[in-house]
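Visitor: Quick one: structure below, then a few questions.
The values are calculated or read from the model by the stated rules, or taken from the named source; none is laboratory data. The structure presented is a predicted model; accordingly, all values stated were derived computationally and were not measured. FYI the Cβ positions are ideal-geometry reconstructions off the backbone, even for glycines, and counts take in every protein chain you see. With ligands, DNA and RNA removed, areas are computed over all heavy atoms of the protein, side chains included. Shrake-Rupley method; radii C 1.70, N 1.55, O 1.52, S 1.80 Å.
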Amino acid sequence: MRVSLLTESLDGDFSAQAELYRRELLAHCYRMTGSLHDAEDLVQETYLRAWKAYDRFEGKSSVRTWLHRIATNTCLTALEGRQRRPLPTGLGAPSADPTAELVERTEIAWLEPLPDTTSDPSDIVESRESVRLAFIAALQHLSPRQRAVLVLRDVLQWKAAEVAEAIGTSTAAVNSLLQRARTQLEAVGPCAEDRLAAPDSADTQDRLARYISAFEAYDVDRLVELFTTEAIWEMPPYVGWYQGPQAIATLVRQQCPAQATGDMRLIPLLANGQPAAAMYMRDGDQHLPFQLQVLDITDSGVSHVVAFLDTTLFPKFGLPERL
């Protein structure tokens, strides 16, 4: 059941207040779990828990803070005993040979992308940075409690005492967890010089349009010209990842099921505050969902592509089931 349908049946006062925060609660649960599917379920659970406790809400904090506290603890409970959600680059293996057979690992719970529906200009930059795919992947290297503390302190800007109260620990413990989390994040997270161009900038939109055009024309030579020299390509649930324009070109030529111009069609969109594209592959007289690609685009070109082959994500992005 979707949260919006759920809240329609709840007490009017609670529903009116709680529904205002549905999108940011989804982003919060997504940062904690790295999964869009899990985040949706956890937001629903958050609303159920909040509704049951609403008659005991004393107003000592805002409804927003109260809901985030419930969501955080709901996530912490759900994450007990679970493995982190990686991308192929996070598995620790070296870059793969693009001519080798692809190895699929469906038993791994892979990181998932997040639809981008941010509409408030005042929130847009902060929201993009805090759901960037590389940041979410880096968060997965932290323990759930480290993750919670870092997100509450550095993303939501809560005070240490508020975080301590929310997760049931001391302020000293929060500060210790935060210090360790920041150190780990610095070691595995995106570099400062890896700053992405704004997805709605003219240059980014132009690069994305040329990227889509090259794929749809099945012009691999034109495609690789758009990549930076150290560009990375990965595509869960396959464990291999590939570095450099020539390796990516070889991968596309040898492993892509497309054979000619028009076999692939792509729809531009936003995911994780980044430019993205939904790829459809020809199947007879129609095109069916194939990959959902999230791109890192810098001033130098396309530096990273994660091509998610989980086609159950397409409806979550409001995409058609066929073209």
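Visitor: Scanning the stretch 245-266 for residues that are without any contact (Cβ under 8 Å) to a residue 24 or more places away in the chain and not in a loop (DSSP other than H, G, I, E, B), which turns out farthest from TYR211 (Cα to Cα)?
Guide: Within the stretch 245-266, the subset without any contact (Cβ under 8 Å) to a residue 24 or more places away in the chain is 245-246, 256.
Narrowing further to those that are not in a loop (DSSP other than H, G, I, E, B): 245-246.
On the way: PRO245: 13, GLN246: 16 Å.
Going through the qualifying residues, I end up with GLN246.
Visitor: Can you work out which of the residues in the stretch 79-119 that are surrounded by 18 or more Cβ atoms within 10 Å (Cβ to Cβ) and more than 18 Å from the chain's Cα centre (by Cα) is nearest to ALA137 (Cα to Cα)?
Guide: Ranking the qualifying residues of the stretch 79-119, first place goes to ALA96.
Visitor: For the stretch 252-288, give me each residue that is under 15 Å from MET235 (Cα atoms) and within 19 Å of the chain's Cα centre (by Cα).
Guide: Within the stretch 252-288, ALA276, ALA277, ALA278, MET279 qualify.
Visitor: Additional query: On the given criteria, is PRO320 under 22 Å from the mean Cα position of the chain (by Cα), part of a loop (DSSP other than H, G, I, E, B) and modelled with pLDDT of 95 or more? Write out each step before concluding.
Guide: Working: under 22 Å from the mean Cα position of the chain (by Cα): yes; part of a loop (DSSP other than H, G, I, E, B): yes; modelled with pLDDT of 95 or more: yes.
The answer is yes for PRO320.
Visitor: Taking the stretch 253-273 only, how many residues are open to solvent by less than 10 Å² (accessible area, probe 1.4 Å) and within 14 Å of PHE290 (Cα to Cα)?
Guide: Within the stretch 253-273, residues that are open to solvent by less than 10 Å² (accessible area, probe 1.4 Å) and within 14 Å of PHE290 (Cα to Cα) number 2.
Visitor: Return the residues of the stretch 53-78 that are crowded, with 22+ Cβ neighbours inside 10 Å and either without any contact (Cβ under 8 Å) to a residue 40 or more places away in the chain or in contact with a Phe, Trp or Tyr (Cβ under 7 Å, 6 or more places away or on another chain) (or both); say none if nothing qualifies. Can you show your working first?
Guide: So the first thing to find is which residues in the stretch 53-78 are crowded, with 22+ Cβ neighbours inside 10 Å, and the list is 67-68, 71-72, 74-75.
Hit for the stretch 53-78 is LEU67, nothing else.
Visitor: Mind checking which residues of the stretch 267-289 are part of a strand (DSSP E or B) and either of a type in the set (D, E, K, R) or in contact with an Asp or Glu (Cβ under 6 Å, 6 or more places away or on another chain) (or both)? Show your work before the answer.
Guide: Residues of the stretch 267-289 part of a strand (DSSP E or B): 267-271, 274-283, 286-289.
Listed by number, the residues that qualify are LEU270, ALA271, ARG282, ASP283.
Visitor: Of all residues in the stretch 274-320, how many are open to solvent by 10 Å² or more (accessible area, probe 1.4 Å) and on the phi > 0 side of the Ramachandran plot?
Guide: Residues that pass the stated criteria total 2.
Visitor: If you don't mind, there's one more thing I want to ask. Go through the stretch 169-212 and give me each residue that's open to solvent by 30 Å² or more (accessible area, probe 1.4 Å), over 16 Å from LYS159 (Cα atoms) and not in a helix (DSSP H, G or I).
Guide: Correct list: PRO190, CYS191, ARG195, LEU196, ALA198, ASP200, SER201.
Visitor: Would you say GLU216 is modelled with pLDDT of 95 or more, open to solvent by 20 Å² or more (accessible area, probe 1.4 Å) and acidic (Asp, Glu)?
Guide: Values: modelled with pLDDT of 95 or more: yes; open to solvent by 20 Å² or more (accessible area, probe 1.4 Å): yes; acidic (Asp, Glu): yes.
For GLU216, the condition - modelled with pLDDT of 95 or more, open to solvent by 20 Å² or more (accessible area, probe 1.4 Å) and acidic (Asp, Glu) - is met.
Visitor: May I pose another question? Based on what the data block shows, is ALA161 of a type in the set (A, V, I, L, M), loosely packed, with under 15 Cβ neighbours inside 10 Å and under 25 Å from ARG282 (Cβ atoms)?
Guide: On the way: of a type in the set (A, V, I, L, M): yes; loosely packed, with under 15 Cβ neighbours inside 10 Å: yes; under 25 Å from ARG282 (Cβ atoms): no.
In short, no.
Visitor: Further question: Which of the residues that make up the stretch 229-243 are open to solvent by 20 Å² or more (accessible area, probe 1.4 Å) and either β-branched (Val, Ile, Thr) or over 18 Å from ILE108 (Cβ atoms) (or both)?
Guide: THR229, GLU230, ILE232, VAL239, GLN243
Visitor: Quick one: which of GLU101, GLU45 is outside any helix (DSSP H, G or I) and free of Cβ contacts under 8 Å to residues at least 60 places away in the same chain? Spell out the reasoning first.
Guide: Numbers: GLU45 fails: outside any helix (DSSP H, G or I).
Answer to the selection: GLU101.
Visitor: Select from the stretch 16-52 the residues that are open to solvent by less than 20 Å² (accessible area, probe 1.4 Å) and at pLDDT below 80 and list them in ascending order.
Guide: Within the stretch 16-52, just ALA18 meets the criteria.
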